[in-house]
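*Asks:* Here's a structure for you.
Rule-based calculations on the coordinates, nothing more; no lab input. Note that the structure is predicted; figures quoted are calculated from it, not measured. Neighbour counts run over all protein chains shown; Cβ positions are idealised from the backbone, glycine included.
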Amino acid sequence: MPAMTSNAPRREVLPQTRRSMTHKFAINGHEGYLTIGLFEDGRPGEIFIKMSKEGSTLSGLIQGFCRAFSLCLQHGLSVNEACERFRGMRFEPMGGTSNPDIPECSSILDYVARYLDREFCVRG
């Protein structure tokens, strides 16, 4: 019987102690904090979002998104591709933001994707 080989992507684990950056933002009056954990080479490897006025349902969904987005990055999806997948999603809160580089967004996920795109994506 032939040996089984796995073609599954391997998870790149972040170091126990890692650098990170935290970005404060507001969307239509809803304040939040985006924390980005970085691999040793400066690439994002995990994200966390904390909204100041979030309900339990929104909180759970945002945490699930953060976990999935982080796992995608750790399993080899490029930041460019990850941002492309989540940019443009529409749900409340949406509207004007506190960031002059991203004056409007269509959701928290749209804002996060656009912020990560501006900060970390490689232009061809």
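*Asks:* Taking the conditions exactly as written (more than 23 Å from Pro9 (Cα to Cα) and in contact with a Gly (Cβ under 8 Å, 6 or more places away or on another chain)), does Asp101 satisfy them or not?
*Replies:* Criteria not met by Asp101.
*Asks:* Separate question: Which condition does Glu46 not pass, out of (1) surrounded by 16 or more Cβ atoms within 10 Å (Cβ to Cβ); (2) outside any strand (DSSP E or B); (3) under 12 Å from the mean Cα position of the chain (by Cα); (4) not β-branched (Val, Ile, Thr), if it passes all the others?
*Replies:* (2)
*Asks:* Looking at Gly88, Gly76, Gly95, can you tell me which residue is small (Gly, Ala, Ser) and surrounded by fewer than 13 Cβ atoms within 10 Å (Cβ to Cβ)?
*Replies:* Only one candidate passes the filter, namely Gly76.
*Asks:* I'm told Glu40 meets every condition in (1) in a helix (DSSP H, G or I); (2) over 19 Å from Asp117 (Cβ atoms) except one. Can you identify the failing condition by its number?
*Replies:* (1)
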